[in-house]
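Peer 1: Below are the structure tokens for one structure; questions will follow.
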Amino acid sequence: MIRRFLAKIYRPLLIVLLTAFFLHGCVLRTYRVQTDALQPDFVAGDILLVGLFNPKPSSGDIVVVYPPYAGRHNPWSILKSRVPFLSGKAGDSYRFQPLLRRIVAIEGQMIEFRRHECYVDDKLIDSWPIAEPQVLPSDGFPLSGNLVKQEIPAGQFFVVAQQSGAGYPDSRMFGPVSAKQVKGKVLLRLWPLR
């Protein structure tokens, strides 16, 4: 009796589990917000649904991005950073943490910061708040409060945090990010429901 019942549900259950693993690994992923960098839109602890297949993010989209300083983000390097005895030193897993940021400029657009105000193609961006950076050197990336007008290179995006703070790095600190570093676009907030 039990054997017949298990034989009936085995195949459908296996199909459901394989489909769930495929969707979670290749199409959709959940992401827990780590910081308040995009407050008031998202706060630490929110759980978001992120679409991994988004061929062309656009200006205003909120994305999950690996910053350039994260280096290669393959599973082995991340594991070594979190388990000290594998690398022989204390881990610095923060380097491999993805960031949640808003895209303000895409390839081909001109971006400029004047007195901590963001201009894209000579239009002031005031649709959402953009944080003033905290401590920034005066030359190159990282940027000071002013950024000479520059064009975003092909295949790259300029991403920013909405809250100020030294713990919220963005493109003003590490430069534009490539399309390969954008891991997905936020589709919706799963929790808490607001």
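Please treat every number below as a calculation from the coordinates, not as lab data. Since the model is a prediction, treat every value here as computed from it, not as a measurement. When we count neighbours, we look across all protein chains shown, and the Cβ atoms used for this are built from the backbone with ideal geometry, even at glycine.
Peer 1: So for the pair residue 114, residue 59, with labels modelled 7 Å out along Cα→Cβ, what separation do we get in nm?
Peer 2: With each label point 7 Å from Cα toward Cβ, the separation is 1.6 nm.
Peer 1: So between residue 15 and residue 1, what do we pick up on full extension, going 0.36 nm a residue minus the alpha carbon distance?
Peer 2: Details: separation 14, 0.36 × 14 = 5.04 nm, distance 2.26 nm.
Stretched fully, the residue 15-residue 1 segment lengthens by 2.8 nm.
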